[in-house]
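Let me begin by presenting the structure, written as structure tokens, before commenting on it.
The values are calculated or read from the model by the stated rules, or taken from the named source; none is laboratory data. Note that the structure is a prediction, hence the values are computed from the model and not measured. Note: ideal-geometry Cβ built from the backbone for every residue, glycine included; neighbour counts use all protein chains shown.
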Amino acid sequence: MKSLFSAFLCLLISGNFGLARAQNRQKTISRPQLERYLSRTLDVQGLSDLIKHPSFLYPGTADRIVSRLSWESPAAPCSIAEIWRGEIRSGRTWARYQKMLALVERLQPAMLLDAVNLWGTWELEEHLNRARHLVMDVKKINPDMVVMGVPNEHVNAGIVGAREIPQYVWDAFDLPNERRSFDCLQMRDSLTQNDCNNGFTAQIKHLETQMYYYWLATTYIRLGCEAISFSAINWTGSPDDYRAEWTGVIHRIRQYADTCAAVRFVLFTGHSATGFYDTSGNLLFDFHIEPLRPTEAPRDPAYPPGPNGGAAVLTAQPLCPTIYGNGLGGLNPNGWRCDRNPGLVYFDNYMDSDPDNPAAAFELWGQPHKARRRKPWACWNPYHLDEISWFALQTKAYRDSFLRYAARRIPELDTNLHLALPAKRGVAAGTDKYTEYTCDKGDHYHPKEWWPADYFALDPDGDLFPEPPRVGNYFFAQPDRMRLPLWGGYGQEGVIREIWGEK
């Protein structure tokens, strides 16, 4: 019996996951079912990160959801870290989580994009506790709702290196148990590769990385996540270059999901303007996902450029890589064929304003590019802002108008795509967007490599979600941490209801 089991595993490892594999899967969904989830997707990036109670624990349990290290380590007064801790201790973070749950209950989305998301692994144990409770809380609202987990590309060596590799991971790769922890040195090419705060970008070509992603993805599945996004998949090694490695990992995870009672199915995706094929020439992912890629329209008289940018449009430009009309087709992992795989577009929160001249960020912030399309990256950051920062800093009237426009425009560009409507997402991702000011209010300042703010779709509610200050008809744009709160945007709940009500 054991030899037969080993032979079956060898068949899986060989990468022969064609039509027979799709037909043999136990948990699949039809295209109409998949389209239903995609058409009512709400972007709530890092919603699990709001699950931080002043008691350190999830109420009524012994599950620690606030890291001792993040709570007890010293932080400079007036620093973003200290502000965040104050938000937790005062209960404001927990109150925001309750507000977001209420929003989800009112809107009744079918899928929550990037809901379980921790870039890096610095609070891994607490993060997994928060993820479990998020899924439980969401399933109480609606058992049919899909929660997405994101095994991000950035790994903290100190945290992951202390995690023992479980027996089932060794079994999945048909390897003898070495009784050890993950070896982070075997996940990257060199000690200096993408090194940042004791972290690095794991590379999929290494077996240790494949085992790590298998463990983290299956852990999310065991907690009840029914969608998995591998996020910026090219950072870890494109499936075009490492097709066998990605095929083996994802199909092993699918095999695990087939026998996991915590999920009805699992949908896989990763950022790409086209999607990817597996080693059998079939589609690797259940659906495509890629940023929105709005294009500046600075001559639009309805909304001319101002301190926070101006109007933008959605278009399929040949010189600007987008997903519109470019998605691959073929045999979907669920066993049905398509000319183009269904997909999602969302507001991205990553792109520095000018990689060639970071020092000019403050001068360019909110201003149109002088020479559009000259370089590919100019397509990715409207008015020198990342997409969600540009969106969050526009007026409410324009945000409402743009969401209505995008919901109509995307099917015109590609009938296979749907808009993930934004409800929560980190803004100002680039280190050149905001500067953290010290207590002297600006005599000395230093950049910090973390996202200082969140966009929320919730309407302003007293002092819990105050509107940022304005200059005229624009939100205050000068990068002053003493005057810009930790959240921005607001007020899109009504237009989300309106858009979904039209479908």
What pairs come out if I take residues in the range 154-168 that are in contact (Cβ under 8 Å) with a residue 40 or more places away in the chain and pair them with residues that are in a strand (DSSP E or B) and among the hydrophobic types (A, V, I, L, M, F, W, C) whose C-beta lies under 8 Å away, six or more apart or interchain? 154/196; 154/200; 155/200; 157/200
Could you look through the range 64-107, keep only residues that are at pLDDT 85 or above, aliphatic (A, V, I, L, M) and in contact with a helix residue (DSSP H, G or I) (Cβ under 7 Å, 6 or more places away or on another chain), and pick out the one that is nearest to residue 500 (Cα to Cα)? 107
Sole miss for residue 443 among (1) at pLDDT below 95; (2) crowded, with 18+ Cβ neighbours inside 10 Å; (3) not in a helix (DSSP H, G or I) is condition (2)
Limited to the range 78-107, what total is found for residues that are touching a residue at least 40 places away in the same chain (Cβ under 8 Å), outside any helix (DSSP H, G or I) and not hydroxyl-bearing (Ser, Thr, Tyr)? 1
The lone exception for residue 75 - which of (1) surrounded by 18 or more Cβ atoms within 10 Å (Cβ to Cβ); (2) free of Cβ contacts under 8 Å to residues at least 24 places away in the same chain; (3) touching an Asp or Glu at 6+ places or on another chain (Cβ under 8 Å) it fails: (1)
Out of 259, 269, I need the residue that is among the β-branched types (Val, Ile, Thr) and closer than 16 Å to residue 146 by Cα. Which one? 269
Residue count, the range 312-335 (criterion: within 29 Å of residue 391 (Cα to Cα), part of a strand (DSSP E or B) and among the small types (Gly, Ala, Ser)): 1
Name the residues in the range 8-34 that are touching a strand residue (DSSP E or B) at 6+ places or on another chain (Cβ under 8 Å), in a helix (DSSP H, G or I) and modelled with pLDDT of 50 or more, would you? 31, 34
Residues of the range 279-312 satisfying the condition of being of a type in the set (A, V, I, L, M, F, W, C) and either closer than 24 Å to residue 226 by Cα or within 23 Å of the chain's Cα centre (by Cα) (or both): 283, 284, 285, 287, 289, 292, 312
Just to be sure I understand, how many residues within the range 389-413 are part of a helix (DSSP H, G or I), among the polar types (S, T, N, Q) and farther than 25 Å from residue 321 by Cβ? 1
Under the condition of being over 30 Å from residue 40 (Cβ atoms) and of a type in the set (S, T, N, Q), which residue from the range 78-132 is surrounded by the fewest Cβ atoms within 10 Å (Cβ to Cβ)? 90
Given the conditions (1) assigned to a loop (DSSP other than H, G, I, E, B); (2) closer than 25 Å to residue 425 by Cα; (3) modelled with pLDDT of 80 or more, every one holds for residue 383 apart from (1)
If you take the residues in the range 316-342 that are in contact with an Asp or Glu (Cβ under 7 Å, 6 or more places away or on another chain) and within 11 Å of residue 286 (Cβ to Cβ), which one is surrounded by the fewest Cβ atoms within 10 Å (Cβ to Cβ)? 334
Go through the range 253-275 and count every residue that is of a type in the set (Lys, Arg) and more than 20 Å from residue 288 (Cα to Cα). 1
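Residues checked against (1) in contact with a Gly (Cβ under 8 Å, 6 or more places away or on another chain); (2) among the basic types (Lys, Arg):
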{"site": "201", "(1), (2)": "no, no"}
{"site": "205", "(1), (2)": "yes, yes"}
{"site": "212", "(1), (2)": "no, no"}
{"site": "219", "(1), (2)": "no, no"}
{"site": "238", "(1), (2)": "no, no"}
{"site": "242", "(1), (2)": "no, no"}
{"site": "249", "(1), (2)": "no, no"}
{"site": "277", "(1), (2)": "yes, no"}
Residue check for residue 61: in contact with a Leu (Cβ under 6 Å, 6 or more places away or on another chain), hydroxyl-bearing (Ser, Thr, Tyr) and modelled with pLDDT of 90 or more: no
Residue 189 is checked against (1) modelled with pLDDT under 95; (2) acidic (Asp, Glu); (3) assigned to a helix (DSSP H, G or I) and fails just one. What number does that condition carry? (3)
Counted residues, the range 50-65 - those being of a type in the set (A, V, I, L, M, F, W, C), assigned to a loop (DSSP other than H, G, I, E, B) and closer than 21 Å to residue 115 by Cα: 3
Please go through the range 119-169 and pick out each residue that is part of a strand (DSSP E or B) and of a type in the set (Asp, Glu). 164
Condition first: of a type outside the set (Val, Ile, Thr), in contact with a helix residue (DSSP H, G or I) (Cβ under 9 Å, 6 or more places away or on another chain), more than 22 Å from residue 169 (Cα to Cα) and free of Cβ contacts under 8 Å to residues at least 12 places away in the same chain. Can you find one or more residues in the range 287-299 that meet it? no
